[in-house]
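Single-structure report; data block below.
The values are calculated or read from the model by the stated rules, or taken from the named source; none is laboratory data. From a predicted model like this one, the values you see are computed outputs, not experimental measurements. No Cβ is skipped: glycine too gets one built from the backbone with ideal geometry, and neighbour counts run over all protein chains shown.
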Amino acid sequence: MTPEPQDKKTPPAGTPGAASALAAQTSPQDFNRARDRRLALWLWRTEVRPLAPLLFIGLFFLAVDGAMLGAFSLLIQPMFDDVLIARQAESLAWVAAAVAGVFLLRAFSLMIHKPLMTWLSERIVAGLQNRLLAHLMRLDHAFFHAHPPGVLIDRVRGDTRILGSTVLRLVPAIARDLVSALALLGVTLYIDWRWTLTALAVAPVLVLPLMALQRLIRKMERRSRLNSADASNRLDEVFHGIYTVQRNALESREAARFADIVKRYIIAQVRARVGKAGMAAMVDVVAAIAFVVVLFVGGRQIIAGERTVGEFMAFFTAFALMLQPIRALSALGGAWQTVLACLERVHALLHTVPRIAQPTAPLAPLPTQGETRIAFDKVEFAYDTEPVLRGFSFAAEPGQTTALVGPSGAGKSTVFTLLARLADPQAGCITIGRRDIAQMDLAGLRDMMSVVAQDSALFDETLRDNILLGAVGISEARLHAAIEAAHVAEFLDKLPGGLECRVGPRGSALSGGQRQRVAIARAILRDRPILLLDEATSALDAESEALVQEALDRLSQGRTTLVIAHRLATVRRAAKIVVMERGRRLEEGTHAALMARGGAYARLHALQFGDGSDDGSGRGE
């Protein structure tokens, strides 16, 4: 179907240019209001509407709670006029029963709506957090380069938590406090509409100051959320780099940096609170003026015998009780600005478009075991404007081991990143089995690979869970065979609980070598046709390295294996060695051929082994 032509001046709704086009055609105030409405509707559709039946039940009992204040203030008139002044004994029982009924009904509604609204708020927060995490895990490496973990943690946990707690305050204000204010206003109108209009005559002076304070609160809430994210990120970096901090005596420096961030957060929070307090204070100032005016007017009428004390006391009670819901409703604007500040950030994060996406049909078929030839053809890749790969080409044949060597920054790890489509090249083509990986099923492509990286992540779970890594249907015999092959068994008996021992955050209960052996056991158990080894034995001592290297050699048989290594002794038996420098392929060949050529590889070898006669394998050239 051919799409209808779009007006060149106005991008279609939902495109990146639509918002800017709308902003150009409307005033800033109208644009902001339209944006706020869209955010509110988005929250309603995605998180609130599925919970609407329970929400309406909660709103009903909130409204009952609020209406009871109006009922109580109405009972003040017969309490004074009939019971206390006229001393009508027959009125005492029904007035007392009515007052007791009001408070009992309010207590019952409170027991219903409080836990219900809390549950709804927590469900909304949990829904947003789950949605955010699921979305973030689909984003590519470039996004995580620009957004540190601490910032993302604060946006997933902090923004949603503040959003949920503020909504928990907003909904009762809309339902209970609004109903209370309307019910009490109805009582004052019923008693004397002239007194009511007199009291309300001063209300318009609130409008402009309230609008100014709302803008201040929105600005300060945005700033405080940014500072909160900075604080979370600083803590994340300090705790993850605690050994570096301690070894270099950086405790005072890091404490001062964190204190500076917290100071900025406090200033923004205090300014926002001043704005919110100012909104409530203005309500009290206006209420004081209104009460003085009504007291002079009503007092003269009571003295003249035109109105009763009970009527005035009922009006006064309703008017005084009205101040609290009005104060809450006046703070509603500030609370709503807090919601919008958090909602903007959550919405923006959820609508960050993944650069790496599932390709459109028809998908290229996934290669079989014998079709796993890997080829890079003139691949160009850069992070932002910094080139990493520059026209890089090479091929790794099925069933053989191909090694990538070169100095740090040559682009070796980027080859693995692009091969798993954690990022896409700006130019060139990457194929497996002569099929473009950009056209393959994304999950299927990644499922073809086993990876042992220099920094393979371990989770704060049991050792068993870290080796299985979600795999199901694995027999104990196969699990223990992988453990033996990776030499995990050598330290298994020393752990409390063995396989059921928790390894701590990021595997902190294990040494670097032990963590690497766990990663190798994962790869052995995963048993995929493509094996990627990124400095897989770098954290092992000489004895363990020899044992694990033997296990990896067995594992690589019959698989297309790519090895990244700085220590050339570990790759001398590779079928092909590709020498990289600054994102380019300098030369390739076997160890013997490259040594005979006397080029870049031979120079790297000489740097590592002096005269080049000893490669660390115990044999000469």
query = (1) within 37 Å of the chain's Cα centre (by Cα); (2) at pLDDT below 80; (3) more than 30 Å from residue 381 (Cα to Cα): which one isn't true of residue 498, the others all being true?
reply = (2)
task = Look through 232, 252, 224, 165 and report the one residue that is among the small types (Gly, Ala, Ser), at pLDDT 70 or above, within 26 Å of residue 350 (Cα to Cα) and surrounded by fewer than 19 Cβ atoms within 10 Å (Cβ to Cβ).
result = 165
ask   = Which fully enclosed strands (runs of 3 or more DSSP E) of the range 349-410 have 3 or more residues being among the hydrophobic types (A, V, I, L, M, F, W, C) and either closer than 19 Å to residue 449 by Cβ or in contact with a His (Cβ under 6 Å, 6 or more places away or on another chain) (or both)?
value = 374-383, 386-396
task = Output the number of the condition that residue 537 fails; it satisfies all remaining conditions of (1) part of a helix (DSSP H, G or I); (2) crowded, with 16+ Cβ neighbours inside 10 Å.
result = (1)
query = Within the range 144-152, can one find any residue that is under 24 Å from residue 60 (Cα atoms) and either touching a residue at least 24 places away in the same chain (Cβ under 8 Å) or out of contact with any helix residue (DSSP H, G or I) (no Cβ under 9 Å at 6 or more places or on another chain) (or both)?
reply = no
query = Among 83, 99, 64, which is more than 21 Å from residue 309 (Cβ to Cβ) and of a type in the set (Val, Ile, Thr)?
reply = 64
inquiry  = Restricting to the range 412-428, count the residues that are charged (D, E, K, R) and assigned to a loop (DSSP other than H, G, I, E, B).
reply    = 2
request  = Name the strands (runs of 3 or more DSSP E) wholly inside the range 540-600 in which the number of residues that are closer than 22 Å to residue 389 by Cα and either touching a Cys at 6+ places or on another chain (Cβ under 9 Å) or without any contact (Cβ under 8 Å) to a residue 60 or more places away in the chain (or both) is 1 or more.
outcome  = 584-589
inquiry  = List the residue pairs whose Cβ atoms are under 7 Å apart, where the first residue sits in the range 358-370 and is over 14 Å from residue 433 (Cβ atoms), the second is of a type in the set (A, V, I, L, M, F, W, C) and outside any loop (DSSP other than H, G, I, E, B), and the two are 6 or more positions apart or on different chains.
reply    = 358/442; 359/438
key: Selected residue (only one of 355, 435 is more than 22 Å from residue 534 (Cα to Cα), under 28 Å from the mean Cα position of the chain (by Cα) and charged (D, E, K, R))   = 355
query = Under 6 Å by Cβ, and 6 or more places apart or on different chains, what pairs join a residue from the range 239-259 that is more than 23 Å from residue 506 (Cα to Cα) and of a type outside the set (Gly, Ala, Ser) with one that is modelled with pLDDT of 70 or more and exposed (fewer than 12 other Cβ atoms within 10 Å of the Cβ)?
reply = none
key: Residues (touching a residue at least 24 places away in the same chain (Cβ under 8 Å) and among the small types (Gly, Ala, Ser)) located in the range 44-66   = 58, 63, 66
The lone exception for residue 474 - which of (1) more than 24 Å from residue 401 (Cα to Cα); (2) surrounded by 21 or more Cβ atoms within 10 Å (Cβ to Cβ) it fails = (2)
request  = Just need a number here: residues in the range 40-99 that are outside any helix (DSSP H, G or I) and out of contact with any helix residue (DSSP H, G or I) (no Cβ under 6 Å at 6 or more places or on another chain).
outcome  = 2
ask   = If residue 289 satisfies every condition in (1) surrounded by fewer than 20 Cβ atoms within 10 Å (Cβ to Cβ); (2) in contact (Cβ under 8 Å) with a residue 40 or more places away in the chain; (3) within 30 Å of residue 86 (Cβ to Cβ) but one, which is the exception?
value = (3)
query = Out of 141, 147, which single residue is within 30 Å of residue 237 (Cβ to Cβ), surrounded by 14 or more Cβ atoms within 10 Å (Cβ to Cβ), out of contact with any Leu (no Cβ under 7 Å at 6 or more places or on another chain) and in the same structural domain as residue 229 (by TED's automatic domain parsing)?
reply = 147
key: Selection within the range 275-317 - among the acidic types (Asp, Glu) and either assigned to a loop (DSSP other than H, G, I, E, B) or on the phi > 0 side of the Ramachandran plot (or both)   = 306
Residue check for residue 156: buried (at least 16 other Cβ atoms within 10 Å of the Cβ), among the β-branched types (Val, Ile, Thr) and either farther than 23 Å from residue 61 by Cβ or not assigned by TED's automatic domain parsing to the domain that holds residue 227 (or both) = yes
request  = Read through the list (1) assigned by TED's automatic domain parsing to the domain that holds residue 165; (2) modelled with pLDDT under 85; (3) not in a loop (DSSP other than H, G, I, E, B), then give the number of the only condition that residue 18 fails.
outcome  = (1)
remark   = Reported set for the range 153-187 where residues are closer than 22 Å to residue 222 by Cα, among the hydroxyl-bearing types (Ser, Thr, Tyr) and touching a residue at least 60 places away in the same chain (Cβ under 8 Å) is 160, 166
